[in-house]
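Notes follow the structure.
The values are calculated or read from the model by the stated rules, or taken from the named source; none is laboratory data. What you are looking at is a predicted structure, and each value in this text was computed from that prediction instead of being measured. Virtual Cβ from ideal backbone geometry, glycine too; neighbours counted across all protein chains shown.
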Amino acid sequence: MQKYEKLEKVGEGTYGTVFKAKHKETKEIVALKRVRLDDEDEGVPSSALREICLLKELKHKNIVRLYDVLHSDRRLTMVFEFCDQDLKKYFDSCKGKVDSNTVKSFMFHLLQGLQFCHSHNVLHRDLKPQNLLISKSGELKLADFGLARAFGLPKERFSAEVVTLWYRPPDVLMGAKMYDTSIDMWSAGCIFAEMANGGRPLLPGSDVDDQLRRIFKLLGTPNELTWPDMKKMPEYRDFPAFSAIPLASVTPTLSSSGRELLQNLLVCAPSRRMCAEKAMQHCYFDDIDPSIRV
Ligand code: Z3R
């Protein structure tokens, strides 16, 4: 740790505070994340340590690089590639409007990062604008991949702040215990709509019930035909039968092909949700700048 000079605090992540820091000898700028563990006395579980060390091998231009994991005094510090801002801060700076080409390029980067991690059987499970980072050159990179499996998702953060439900799919809200890649694809859909709307969240629920109600009011309450296994979910309960609202009414500035892609991501039945690989082939991306597609 003495290798780094801690600079300013840049974020409050799900697992701990993130600081900008400078390597004292090489002058390299990094992000340091000191992970808080639920049980400080127990030290870092060896299973978590193994999971985290595997994440060092996950190398892709749309994934924030994990350079190093420092383990001492029963504490864990993760050394990450530094990016200048997160998507939340980006939204704050662009006054309610994100250019449609930027939305398309950010969404393609998001899908490229997801496709890469999913193909290596690594899930994010907690995608949100605060863990999507924007580099100086305008590339979007995913941070905190794989941490949910290593540490578990906390119910509440270390402060009084609550964990956001806004990007959580209906199957997880209904207590699904088996997670797969479809969990991240729902979040990607919510973030896509939010980018298209200049940073206004699509489904800002206040609790699990309100979150599910908002989802069903927008997409229509699922039925036997649209989600045959819904009633098998651990926390399934009856909901009023809402009918779907056209996505055009909630994402008025998104093109029709963009809306069609969004419709394929915001699918309640997890097995019917579009995967990252298919999403990247969607005609919405037909006219993307070729330099983005590498
Ligand atoms: C790794 C993991 C989480 C974060 C990293 C790196 N960098 C972060 S959050 C960050 C956040 C900002 S700048 C860098 S902010 O100033 O936009 N909040």
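Results, tabulated for the structure shown:
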| read-out | value |
| --- | --- |
| Failed item in (1) farther than 20 Å from residue 87 by Cβ; (2) without any contact (Cβ under 8 Å) to a residue 24 or more places away in the chain; (3) within 22 Å of the chain's Cα centre (by Cα), with residue 50 passing the rest | (3) |
| Residue in the stretch 44-57 that is at positive phi, touching a strand residue (DSSP E or B) at 6+ places or on another chain (Cβ under 8 Å) and within 13 Å of the ligand (Cβ to nearest atom) present | no |
| Qualifying residues in the stretch 114-155 (those that are within 12 Å of the ligand (Cβ to nearest atom) and assigned to a helix (DSSP H, G or I)) - the one nearest to residue 58 (Cα to Cα) | 147 |
| Selection count where residues are near the ligand (Cβ under 10 Å from one of its atoms), in contact (Cβ under 8 Å) with a residue 24 or more places away in the chain and not aromatic (Phe, Trp, Tyr), scope the stretch 79-113 | 9 |
| Residues satisfying the stated conditions in the stretch 60-78, i.e. more than 16 Å from the ligand (Cβ to nearest atom), in contact (Cβ under 8 Å) with a residue 24 or more places away in the chain and not in a strand (DSSP E or B) | 74 |
| Scope the stretch 239-294; condition β-branched (Val, Ile, Thr) and either within 18 Å of residue 196 (Cα to Cα) or out of contact with any helix residue (DSSP H, G or I) (no Cβ under 7 Å at 6 or more places or on another chain) (or both); matching residues | 245, 250, 251, 253, 267, 288, 294 |
| Condition broken by residue 16, with the remaining ones in (1) modelled with pLDDT of 90 or more; (2) within 14 Å of the ligand (Cβ to nearest atom) satisfied | (1) |
| Out of 3, 33, sole residue that is away from the ligand (no atom under 14 Å from the Cβ) and at negative phi | 3 |
| Answer from 93, 137, 119 - the residue that is surrounded by fewer than 16 Cβ atoms within 10 Å (Cβ to Cβ), over 16 Å from the mean Cα position of the chain (by Cα), modelled with pLDDT of 95 or more and of a type in the set (Ser, Thr, Tyr) | 119 |
| Residues that are aliphatic (A, V, I, L, M) and farther than 18 Å from residue 99 by Cβ, drawn from the stretch 263-294 | 265, 266, 267, 269, 274, 276, 279, 280, 294 |
| Number of the exception - residue 75 against (1) in contact with a helix residue (DSSP H, G or I) (Cβ under 9 Å, 6 or more places away or on another chain); (2) on the phi > 0 side of the Ramachandran plot; (3) of a type in the set (D, E, K, R) | (2) |
| From the options 71, 60, residue that is at pLDDT 95 or above and not basic (Lys, Arg) | 60 |
| Those residues of the stretch 36-59 which are farther than 27 Å from residue 111 by Cα and either among the aliphatic types (A, V, I, L, M) or assigned to a strand (DSSP E or B) (or both), in sequence order | 37, 44, 49 |
